[in-house]
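S.K.: Dropping a structure here in structure tokens format, bear with me for questions.
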Amino acid sequence: MKKINIITILYFSVFLFFSYSCSKTGGLFGGKKVYEGDISLRYQSEVNAFVKKGYTEVTGNLDIIGFASERPGEKLINNLSGFDNLKKVGGLFSINKFQNIPNLNSFKNLEFVGGTFAILLNGGLTNLDDFLNLKSVGGVQIGQNENLQNIDGLINLESLTLIAVGDNPNLLNLDGLSGLTVGEIMRISLLRNDKLISLGNFETLTTVNTIQIIDNPSLESLDGLENLISLGALELINNGIDNISALSKGVGFIRTLKIKGNHQLESLNGLNGFTTATRLEIAENDILVDLNGLESLNRVEEVMRIRLNDALLSLDGLDNIEYLSNLLEISSNPNLVDLCAIKPIVDNGLIESKYSVFINNYNPTYADMQAGNCSL
């Protein structure tokens, strides 16, 4: 009996040791080879050693860098083959600083990234067609890929919480994200994509905490966001958009509303459902003649600035704002002659020191506004 117990204990100890070793070095439980923790690959020898193990999963971050400081006896990475078994990365998945690698075919079986899926500074890439099996990521960050034309290879991606796409001068659209099935995203940030024409179709998306669309001169509309209902902050700056009607289902409170430098924007129609804002800024929109589209807005918690809108004739659209707690600035609108829409703000207690109206065609004083002398 004692002999049997000793044999059992020895067998169990060996089993535990083997199990632990497999989890750290890539054992064969369930056909998986798992790398525990984070790994950064900067040299070809490191890549070769990693792919030789045939890992199917990395539990932490996987960061692959094409440019690193020189190390005696080491070559920079010039071959990314061998990752074919990899299906899951628990943290960040990053491929960056590769100028001469035209595709990422070796990652064609990747299905899941728990952190950010980051493709950065890869001058050789024209598409992401090698990621058709990718279903879920924590976020997408695609930046400074000078020859990237489309991201259609992400079409089977269903869930994420962050979209950050910036400085891709030849990217035409975001159609590759049209397969998303999530209803809520924390942030959409689109910055400096010179040829970006359209957003794609986000038909299931109803809630976004923050949208920043900045310096996309070819982007003409926000089509694709038609089902958006709740929006925490919106910054539209220096784009080619001529309308924002796609946002017409948006309702309620919006923290920041900043519409600036959109030289083709003809109207604010599409913002009609928002009732309260913390900060409102309408600036440098060259052909905007009034502020119709903001009729539902009845409260601005902190600051409202209307400035440098060359064609603005009146503040119509702000008529229903009755409360503003801090600063009101109406400035440098050379054709503005009718400011009567903001009289209710003055009548409802805005103090004179917070009233700033200057360098417009007509500049009524605080006393003028109180007396009803609000237009020419």
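The values are calculated or read from the model by the stated rules, or taken from the named source; none is laboratory data. Note that the structure is predicted; figures quoted are calculated from it, not measured. Every residue, glycine as well, gets a Cβ built from its backbone with ideal geometry; the counts of neighbours run over all protein chains shown.
S.K.: Cβ-Cβ under 6 Å, sequence separation 6+ or interchain: first residue in region 252-274 and modelled with pLDDT of 95 or more, partner of a type in the set (Phe, Trp, Tyr) and surrounded by 17 or more Cβ atoms within 10 Å (Cβ to Cβ). Which pairs?
M.R.: ILE254/PHE274
S.K.: Take the residues in region 333-365 that are of a type in the set (Ser, Thr, Tyr) and more than 22 Å from LEU297 (Cβ to Cβ), then tell me which one is surrounded by the most Cβ atoms within 10 Å (Cβ to Cβ).
M.R.: Across region 333-365, the extreme among qualifying residues is TYR362.
S.K.: Pairs please, first residue from region 66-85 and surrounded by 15 or more Cβ atoms within 10 Å (Cβ to Cβ), second anywhere and β-branched (Val, Ile, Thr) and assigned to a loop (DSSP other than H, G, I, E, B), Cβ atoms under 9 Å, 6+ apart in sequence or on different chains.
M.R.: GLY66/ILE77; GLY66/ILE101; ALA68/ILE77; ILE77/ILE101; LEU80/ILE101; ASN85/THR56
S.K.: Please verify whether GLY60 is of a type outside the set (Ser, Thr, Tyr), surrounded by 14 or more Cβ atoms within 10 Å (Cβ to Cβ) and at pLDDT below 80, treating the condition exactly as stated.
M.R.: Spelling it out, it is not the case that GLY60 is of a type outside the set (Ser, Thr, Tyr), surrounded by 14 or more Cβ atoms within 10 Å (Cβ to Cβ) and at pLDDT below 80.
S.K.: Among (1) crowded, with 16+ Cβ neighbours inside 10 Å; (2) in contact with an Asp or Glu (Cβ under 7 Å, 6 or more places away or on another chain); (3) under 19 Å from ARG279 (Cα atoms), there is one condition VAL303 misses while meeting the rest; what is its number?
M.R.: All conditions are met except number (2).
S.K.: Among the residues of region 191-209, what is the count of those that are touching a Leu at 6+ places or on another chain (Cβ under 7 Å) and either at positive phi or not charged (D, E, K, R) (or both)?
M.R.: 10
S.K.: Among the residues of region 316-332, which ones are of a type in the set (Gly, Ala, Ser) and surrounded by 21 or more Cβ atoms within 10 Å (Cβ to Cβ)?
M.R.: Selection gives GLY317 alone.
S.K.: For the structure I just gave you, tell me whether ASN147 is among the polar types (S, T, N, Q), assigned to a loop (DSSP other than H, G, I, E, B) and either surrounded by fewer than 16 Cβ atoms within 10 Å (Cβ to Cβ) or at pLDDT below 95 (or both).
M.R.: The answer is no for ASN147.
S.K.: Can you name every residue in region 338-376 that is part of a loop (DSSP other than H, G, I, E, B) and farther than 21 Å from LYS260 by Cα?
M.R.: Scanning region 338-376 gives ASN348, GLY349, LEU350, ILE351, TYR362, ASN363, PRO364, THR365, GLY372, ASN373, CYS374, LEU376.
S.K.: Under 19 Å from ALA233 (Cβ atoms) and either modelled with pLDDT of 95 or more or in contact with a Cys (Cβ under 8 Å, 6 or more places away or on another chain) (or both): which single residue out of LEU162, LEU196 fits that description?
M.R.: LEU162
S.K.: Hey, does region 206-223 have a residue that's at pLDDT 95 or above, of a type in the set (Asp, Glu) and over 20 Å from LEU291 (Cα atoms)?
M.R.: yes
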